[in-house]
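Read through the structure below, which is laid out as structure tokens, and then see the notes.
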Amino acid sequence: MASQRIIKKYPNRRLYDTRVSSYITLEEVRQLVLSSEVFEVRDAKSNEDLTRAVLLQIIAEHEQHGQPIFSTQLLSQIIRFYGDSMQGFVGGYLENSLKIFLEQQGKFRDQLNNLLGQTPWSMLNEITERNVELWKSLQAGGPATAKPTRDADPAPEKPTRKHR
């Protein structure tokens, strides 16, 4: 297994990829994320982990251009959670919600590709229901787990009466 990729950030804001011995741009760091490359960004002088700060910087740049993912209301609400008693639950909830969304998105795409008969709206409704259940569970102080997904099983057959 290859060692984790280390990117050093210098005071002049330049990023140096130690694996390829070259300076790289934020867009190239974004490409590492898109290709699921495991890496860390470290301050060249103090060795402090700056990975989250660089990832947030990439998000901020993409939010400024094109169609943003985060609305002003959502960002405001996230800011309000800092220092709130629910702060510890929010990160886990968002991670679990995104994980469920990605799982459902994969199933949704598979079903659309295979034309299995389930409508896109029923899949979106199921995603919403699972997220609501997860949120209710978190609010109640329960475990942050969602119930297993339902397979697209046909409705059970009803017993038929035999005519004489």
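A few notes on this one:
To keep it simple, each residue is scored yes or no on (1) in a loop (DSSP other than H, G, I, E, B); (2) of a type in the set (Phe, Trp, Tyr); (3) in the same structural domain as ILE127 (by TED's automatic domain parsing).
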position	(1), (2), (3)
ARG19	yes, no, no
ASP84	yes, no, yes
PHE89	no, yes, yes
GLY92	no, no, yes
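- Residue selected from the range 3-54 under the condition within 24 Å of LEU75 (Cα to Cα) and touching a residue at least 24 places away in the same chain (Cβ under 8 Å), by the criterion surrounded by the fewest Cβ atoms within 10 Å (Cβ to Cβ): VAL33
- Cβ-Cβ distances below 6 Å connect the following pairs, each with a first residue in the range 90-104 that is of a type outside the set (S, T, N, Q), a second residue that is surrounded by 12 or more Cβ atoms within 10 Å (Cβ to Cβ) and part of a helix (DSSP H, G or I), and a separation of six or more residues or different chains: VAL90/PHE81; TYR93/LEU138; ILE100/ARG130.
- Evaluating GLY106 against the criteria (1) at pLDDT below 90; (2) closer than 29 Å to LYS8 by Cβ leaves one unmet condition, (2).
The values are calculated or read from the model by the stated rules, or taken from the named source; none is laboratory data. These numbers come from a predicted model, not from an experiment. As a convention, Cβ positions derive from the backbone with ideal geometry for all residues, glycine included, and neighbour counts pool all protein chains shown.
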